[in-house]
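FYI, it's all coordinate maths here, none of it is from the lab. Since we're looking at a predicted model, the values are computed, not measured. Cβ atoms come from the backbone with ideal geometry, glycine included; neighbour counts cover every protein chain shown.
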Amino acid sequence: MNTTLSIIKPDAVKRNLIGEINTMIEKNKMKIVAQKMILLSINDAQRFYDVHKDRAFFDDLCKYMISGPIVVQVLKGKDIVSNYRKLMGATNPSNADENTIRSKYGLSVEENSVHGSDSKENAKIEIQFFFSSKEIFGD
Ligand code: CMP
């Protein structure tokens, strides 16, 4: 069992999809062991997405991520990093497999409803970015 960071992004929070996305997570045997709704500052968004700072989409991505509240979560389960990325689907919703979160709810490559860590190492860094150990409840 290990953990990953999930973000329900502003487009999905605005469209009242927190419950539906959480149901997909839970029905796929992943456990939500921490969760909170927050509004990022521009500085937070730039720090979180620092790895993309040289990409053409960086400024728009950061502006979008502060356009409304997000829900940050820690998910626990078997092979959670890869299994959650499978459940999310491809970055661009139009390339995402059927029955993935992004194919069902994503609107565009930017407004793609969810984020999930891309490796165990990044999961650890991203979880620590948002949560203290006191806020995470294993079983
Ligand atoms: P995410 O998994 O949060 O990681 C970086 C994000 O950049 C990605 O999801 C997309 O929402 C966003 N993004 C915006 N434009 C692009 C693009 N052209 N290519 C890849 N990612 C993009």
Item to check | Dipole magnitude of the chain, debye to nearest 20 (Cβ charges: Lys/Arg +1, Asp/Glu -1, about Cα centre) | outcome: 380 debye
Item to check | Label-zone membership for segment 107-122, site Ala56, 7 angstrom Cα→C-beta point, backbone N under 16 Å | outcome: 109-110
Checklist entry - Can you run phi through the Karplus equation (6.51, -1.76, 1.60; θ = phi - 60°) for segment 92-103 and list ³J(HN,Hα) in whole Hz, with x for Gly and Pro? => result 8, x, 6, 9, 7, 4, 4, 6, 8, 4, 5, 5
Next on the checklist: Whole-Hz ³J(HN,Hα) for each residue in segment 35-44, computed from phi via Karplus 6.51 cos²θ - 1.76 cosθ + 1.60 with θ = phi - 60°, x for glycine and proline: what do you get?
Outcome noted: 6, 7, 9, 9, 10, 6, 8, 4, 5, 4
Next on the checklist: For the pairs Lys36/Lys86; Lys29/Lys134; Lys76/Lys104; Lys27/Lys76; Lys27/Lys78; Lys86/Lys120, flag any whose C-alpha to C-alpha distance is greater than 18 Å.
Outcome noted: Lys36/Lys86; Lys29/Lys134; Lys76/Lys104
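So what is the 222 nm mean residue ellipticity for the chain from helices alone, if each DSSP H run of at least 4 adds -39500 (n - 2.57) and you divide by all residues, rounding to the nearest 500 deg cm²/dmol?
Numbers: 7 runs with 55 residues, N = 139.
One gets -10500 deg cm²/dmol as the mean residue ellipticity at 222 nm.
Output needed for the chain: three equivalent-ellipsoid semi-axes, defined as square roots of 5 times the C-alpha gyration tensor eigenvalues, in descending order, whole Å. Before the final figure, lay out the partial values.
Numbers: eigenvalues 85, 67, 41 Å².
The three semi-axes for the chain are 21, 18, 14 Å.
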